[in-house]
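First comes the structure, then the notes that go with it.
The values are calculated or read from the model by the stated rules, or taken from the named source; none is laboratory data. Since the model is a prediction, treat every value here as computed from it, not as a measurement. Reconstructed Cβ throughout: ideal geometry from the backbone, glycine too, with neighbour counts over all protein chains shown.
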Amino acid sequence: MLHLSGPKRPKMVAFDIIGTVFPLEPLRPSIVALGLPTAGLEGWFAAGCRDAFAMAAVGDFAPFKTILEAALDGVLAEQGLDAPASKRQVLVDQLATLDARDGTREAFLLLADVGIPVMALSNGAKSATRALLERSGLIDLVQEVVSVDQVKLAKPRGEVYAHAAQKAGVDRAELALVAAHPWDINGAASAGLVTAYLAADRPYSRVMRKPDIEALTLPEIGRRLAAL
């Protein structure tokens, strides 16, 4: 679905959680402690996403935390490493202690000021997502917490974005997705959502559907969505 006349101001904005609202950078020391190179953080998360996507492609599903645990086993084995289970668990458990990206609260407030509510839309569990938002003092600014657990398919399957729009009570063209992952933006664009790419960590992929908005900070994305 294309926005032939350009995107219109959304009636709700969904934010991806892991990697977008909550960057993974604090996990890097634990990756190195396992014997992996510093870039192993991106490699591990990419391997987990790959496996989640592969399962979704054939209609299978497992909790994302479980997928990440299994992906870590594979990444370590590929490097000839056999880290103790206790160290592996430290890394996975740290996902629950991530801090929100700078500017997140400002972005949420910018949208609230113009009457646009915020949704959390995550490949992670609903309970884990809510706990992260509560820990960071953001839950009061989030109207809906939506997890792929409710669909039993991972993003970027179109069913996830359709479910999010249904939960928001809006048409898909009235829901925006903010994400720092090109694959998520591509999936949301394919489903007909307004898309906003956070380019703080990496440039957007030139082979995927172009986002409606691209900015380096969440507040700038909030301002530009509010200005539609």
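Given A120, A100, which one is assigned to a loop (DSSP other than H, G, I, E, B) and not β-branched (V, I, T)?
Details: A120 fails: assigned to a loop (DSSP other than H, G, I, E, B).
After ruling out the rest, the residue left standing is A100.
What's the total number of residues in the range 82-97 that are free of Cβ contacts under 8 Å to residues at least 40 places away in the same chain and either in a helix (DSSP H, G or I) or crowded, with 17+ Cβ neighbours inside 10 Å (or both)?
At the first step, the residues of the range 82-97 found to be free of Cβ contacts under 8 Å to residues at least 40 places away in the same chain are 82, 84-86, 89, 92-93, 96.
The next check asks that each one be either in a helix (DSSP H, G or I) or crowded, with 17+ Cβ neighbours inside 10 Å (or both); those that pass are 85-86, 89, 92-93, 96.
Final tally of qualifying residues: 6.
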Against the definition (in contact (Cβ under 8 Å) with a residue 60 or more places away in the chain and either touching a Lys or Arg at 6+ places or on another chain (Cβ under 9 Å) or surrounded by fewer than 21 Cβ atoms within 10 Å (Cβ to Cβ) (or both)), how does V207 come out, yes or no?
no
Condition set touching a Ser or Thr at 6+ places or on another chain (Cβ under 8 Å) and among the β-branched types (V, I, T), scope the range 144-172, selection surrounded by the fewest Cβ atoms within 10 Å (Cβ to Cβ): answer is V145
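Among the listed residues A128, A112, A162, A107, identify the single one that is within 21 Å of W183 (Cα to Cα), among the aliphatic types (A, V, I, L, M), in a helix (DSSP H, G or I) and assigned by TED's automatic domain parsing to the domain that holds L218. Don't jump to the end; show me each part of the working.
On the way: A128 fails: within 21 Å of W183 (Cα to Cα); A112 fails: within 21 Å of W183 (Cα to Cα); A107 fails: within 21 Å of W183 (Cα to Cα).
Unique residue meeting the criteria: A162.
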Could you list all residues from the range 210-228 that are in contact (Cβ under 8 Å) with a residue 60 or more places away in the chain and in a helix (DSSP H, G or I)?
L218, P219, I221, G222, R223, L225, A226
Assess whether Q79 counts as being more than 30 Å from H163 (Cβ to Cβ) and in contact (Cβ under 8 Å) with a residue 40 or more places away in the chain.
yes
Just one of A54, A62, A70 is modelled with pLDDT of 95 or more, of a type in the set (G, A, S), touching an Asp or Glu at 6+ places or on another chain (Cβ under 9 Å) and in a loop (DSSP other than H, G, I, E, B); which is it?
A62
